[in-house]
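Presented below is the structure to which this report refers.
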């Protein structure tokens, strides 16, 4: 076993101070990526700083045009929120589709967004809903936040505090998940914003992580219907290929899931 000191700070300021004063520290939220990494001996932080129970990082606020979710808020809480279901039902449905009951009661929106796993669900919503990521230091627009596989604009020691989503006119989410892990093999979050702007974000499939499918956005701007996407394909070279799905199959899934998201506007479609 590697020696690790576990810390449980009570405030955001205490967590930041612990990180700055520790050698080889790591923040811990839901732990669904970090814990398996520790078990596999792929990481060995000397100090684990658990931020899950810091009050400043939890909670949901819904206004006329925004949904703001604290980074330590669990998936199950987002999925069950009546306020989010009323404002952005596709976002609540996305949260309810993550993993299984045990995962949803441990995993957090901040952990998912900070890790930027290429198969994670939340990055698609963050990008499609033109969200702003608030940290203890600054505000980062979604377009600038995601920077590739497992890579974000977060600097060492920077804590994701909350995510501020723009409430769209309507949105839909569709996902084809791995039957074992329930991670996304291809998923699409489609949103039509109140200014008429349409954003299509794809997760689970891209070889550079979550991305906007601009060709689909252009077609939907002309005709906001699933029929507008018939025949549209995406280059397989942009896709990940693995034992679960080769690149051409993932490209096919991206097209299908994008059409399903439009067909299920106002909710989610999970396969």
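Every number in this text was worked out from the coordinates using simple rules, so none of it is lab data. Being a predicted model, the structure only gives us computed values, none of them experimental. Note that each Cβ is placed from the backbone with ideal geometry, even for glycine, and that neighbours are counted across all protein chains shown.
Listed values, structure above:
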| quantity | calculated |
| --- | --- |
| Pairwise label distance in nanometres, residue 23 with residue 195, each label 7 Å out on the Cα-Cβ vector | 5.0 nm |
| Which of 58, 225, 191 has the fewest Cβ neighbours within 10 Å, and the rest in rising order | 225, 58, 191 |
| Cα Rg, Dmax, the chain, angstrom units | 18.2, 59 |
| Euclidean distance between Cα centres, the range 164-193 to the range 2-25, Å | 34 Å |
| In degrees, nearest ten, helix 247-263 long axis to first principal axis of the chain (Cα) | 80 degrees |
| Nitroxide proxy distance, nm - points 7 Å out along Cα→Cβ at residue 225 and residue 147 | 4.3 nm |
| Exposure proxy ranking, count of Cβ atoms within 10 Å, fewest first, for 2, 249, 150, 27 | 2, 150, 249, 27 |
| Length-normalised contact order of the chain in % [C-alpha pairs under 8 Å, at least 6 apart] | 16 percent |
| Listed residues 75, 244, 134, most fluctuating in the chain (Gaussian network, C-alpha, under 10 Å) | 244 |
| Relative exposure of 126, 77, 101, judged by other C-beta atoms within 10 Å (fewest first) | 101, 77, 126 |
